[in-house]
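K.L.:
There's a structure below that I have some questions on.
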Amino acid sequence: MLRTALGAFAARGYYGTTTGEVAKSAGISQAYVYRLFPDKEALFVAVVEHCFARIRESLADGVAAARSSAPEAVLDAMGEAYARLISEERSLLSVQMHAQCAALSEPAVREVVQRGYARGLEYVRGVSGGSEAQVQEFFSRGMLCHLVVAVDADSVDAPWARTLAAGIRHY
């Protein structure tokens, strides 16, 4: 159910997706969706939480693959793992971006995004041993990676695109 909802929300966002569409895609009744989730907001929040959990798993894979325990090596390995994740599971990136937009006006979505980033940041800080500046840079590069992927900057032969994409890993 969550995978189907993830795909629907990734394609059309929070505002553009109905529970009826999710139910139809999942091959279930809309009434059954409402037995599982009281409303569309609760379903979207569950999808966003699922995305954060999947990202956390990916970061843990990166930690396991780090070539050393130095903060730079751990952060680099986590960045590599995240870049691979969003290239392989594009719907995760889409849902993250839709959630950030919906967070502007939907308090429950804002809360789940805040919690997700807070937990993610604490995890990154804890496993990397990085400084505040290094952790901030890690998240900043991640957001820039989102932009580069979303606008397909790699395929644009222009100074602005080369500047944004320089040094950003994506697949």
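K.L.:
Out of (1) part of a helix (DSSP H, G or I); (2) free of Cβ contacts under 8 Å to residues at least 40 places away in the same chain, what's the single condition that is false for V127?
P.N.:
Condition not satisfied by V127: (2).
K.L.:
May I pose another question? Hey, which of the helices (runs of 4 or more DSSP H) in segment 1-103, taking only ones fully inside, have at least 1 residues that are touching a Cys at 6+ places or on another chain (Cβ under 9 Å) and within 21 Å of Q114 (Cβ to Cβ)?
P.N.:
2-16, 71-88, 90-102
K.L.:
Here's something else I'd like to know. Inspect all residues belonging to segment 18-30 and state whether any of them is small (G, A, S), closer than 19 Å to G142 by Cβ and open to solvent by 70 Å² or more (accessible area, probe 1.4 Å).
P.N.:
For segment 18-30, residues small (G, A, S), closer than 19 Å to G142 by Cβ and open to solvent by 70 Å² or more (accessible area, probe 1.4 Å): absent.
K.L.:
Is it true that some residue in segment 69-86 is surrounded by 20 or more Cβ atoms within 10 Å (Cβ to Cβ), in contact (Cβ under 8 Å) with a residue 24 or more places away in the chain and among the hydroxyl-bearing types (S, T, Y)?
P.N.:
yes
K.L.:
A further question on this structure: Does any residue in segment 147-161 that is open to solvent by less than 80 Å² (accessible area, probe 1.4 Å) come within less than 8 Å, Cβ to Cβ, of a residue that is at pLDDT 90 or above and assigned to a loop (DSSP other than H, G, I, E, B) six or more places away or on a different chain, and which pairs are these?
P.N.:
Between residues of segment 147-161 that are open to solvent by less than 80 Å² (accessible area, probe 1.4 Å) and residues that are at pLDDT 90 or above and assigned to a loop (DSSP other than H, G, I, E, B), the close pairs are A161/V151.
K.L.:
Assess whether R115 counts as being in a helix (DSSP H, G or I) and either within 17 Å of A42 (Cβ to Cβ) or at pLDDT 95 or above (or both).
P.N.:
Considered against the rule, which asks whether it is in a helix (DSSP H, G or I) and either within 17 Å of A42 (Cβ to Cβ) or at pLDDT 95 or above (or both), R115 comes out as yes.
K.L.:
Listed residues L43, L92; which is closer than 16 Å to M143 by Cα, of a type in the set (A, V, I, L, M, F, W, C) and open to solvent by less than 20 Å² (accessible area, probe 1.4 Å)?
P.N.:
The conditions single out L92.
K.L.:
Please determine, by comparing only the residues of segment 3-17 that are of a type outside the set (G, A, S) and surrounded by 17 or more Cβ atoms within 10 Å (Cβ to Cβ), which one is farthest from E41 (Cα to Cα).
P.N.:
Looking at residues that are of a type outside the set (G, A, S) and surrounded by 17 or more Cβ atoms within 10 Å (Cβ to Cβ), I get T4.
K.L.:
In segment 115-168, what count of residues is obtained for those that are in contact with a Ser or Thr (Cβ under 8 Å, 6 or more places away or on another chain) and aromatic (F, W, Y)?
P.N.:
1
K.L.:
Does segment 56-68 hold any residues that are open to solvent by 20 Å² or more (accessible area, probe 1.4 Å) and within 13 Å of the chain's Cα centre (by Cα), and which are they?
P.N.:
R56, E57
The values are calculated or read from the model by the stated rules, or taken from the named source; none is laboratory data. This structure is a prediction, so every number in the text was calculated from the model and none was measured. Every residue, glycine as well, gets a Cβ built from its backbone with ideal geometry; the counts of neighbours run over all protein chains shown. When the accessible area is computed, the model is the full protein with side chains, heavy atoms only, and any ligands, DNA or RNA have been set aside. Shrake-Rupley method; radii C 1.70, N 1.55, O 1.52, S 1.80 Å.
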